[in-house]
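**Q** Let me give you the structure first, and then I'll get to my questions.
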Amino acid sequence: METLLHSAINQMGKQEQASELLKKYDIKVKLSCNNRVWYLDFQQSAVHVRQAVEEQEVAVFISGDEEALTSLLKGEDFLLAMSKRGDLIAEGDLKYLLWLEALFYLYYSKESY
């Protein structure tokens with residue numbers, strides 16, 4: 001999961017189209033999978049991945065098993081649809097959830113993995 005996460009973030013950083021969308025919000029996202037936690041810091045047009053050392057305040061929390069999060073990170077499914085079906089948990093302001101859904105779905109190319 002960690003390798004896929006870093007690969008997805010690196011790939012997004014290479015996409016020209018993502019730069020404008022990335023500038024929209026500066027937020028922190030908590031991603032949880034199988035008792036492992038990562039924080040994604042979206043700042044300006046950069047994304048930083050940090051493994052959890054201590055609990056931090058976040059705008060969005062996403063939790064799921066490896067299969068669901070892999071589908072999300074590869075852009076194979078929509079964040080809100082997965083949450084509605086119960087495939088994962090997604091909590092946060094709707095504008096942030098929609099923004100993340102666009103990033104995951106539009107900018108994570110399946111061919112990159």
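**Q** Which ones in the range 21-79 are farther than 17 Å from Y96 by Cα and of a type in the set (A, V, I, L, M, F, W, C)?
**A** C33, V37, W38, V49, A52, V53, A68, L69
**Q** Of all residues in the range 61-91, how many are loosely packed, with under 13 Cβ neighbours inside 10 Å, on the phi < 0 side of the Ramachandran plot and free of Cβ contacts under 8 Å to residues at least 24 places away in the same chain?
**A** Qualifying residue count, the range 61-91: 4.
**Q** Please specify each residue of the range 21-55 satisfying the condition of being under 13 Å from the mean Cα position of the chain (by Cα), among the charged types (D, E, K, R) and within 18 Å of L94 (Cβ to Cβ).
**A** Within the range 21-55, K28, K30 qualify.
**Q** Any chance you could count how many residues in the range 39-55 are open to solvent by 60 Å² or more (accessible area, probe 1.4 Å) and at pLDDT 85 or above?
**A** 5
**Q** Could you list, in sequence order, the residues of the range 5-19 that are in contact (Cβ under 8 Å) with a residue 12 or more places away in the chain and either in contact with a Pro (Cβ under 7 Å, 6 or more places away or on another chain) or surrounded by fewer than 16 Cβ atoms within 10 Å (Cβ to Cβ) (or both)?
**A** Within the range 5-19, H6, S7, G13, Q17, S19 meet the criteria.
**Q** Do we have any residue at all in the range 21-29 that's open to solvent by 90 Å² or more (accessible area, probe 1.4 Å), touching a strand residue (DSSP E or B) at 6+ places or on another chain (Cβ under 7 Å), of a type in the set (D, E, K, R) and at pLDDT below 95?
**A** yes
**Q** Shifting gears a bit: Please specify each residue of the range 43-96 satisfying the condition of being among the aromatic types (F, W, Y) and either in contact with a helix residue (DSSP H, G or I) (Cβ under 9 Å, 6 or more places away or on another chain) or within 25 Å of T3 (Cβ to Cβ) (or both).
**A** F61, F78, listed by residue number.
The values are calculated or read from the model by the stated rules, or taken from the named source; none is laboratory data. Given the structure is predicted, the values throughout are model-derived calculations rather than measurements. Using ideal geometry, Cβ is built from the backbone for each residue, glycine included, and neighbour counts are taken over all protein chains shown. Side chains included, ligands, DNA and RNA excluded: accessible areas come from the protein's heavy atoms. Shrake-Rupley method; radii C 1.70, N 1.55, O 1.52, S 1.80 Å.
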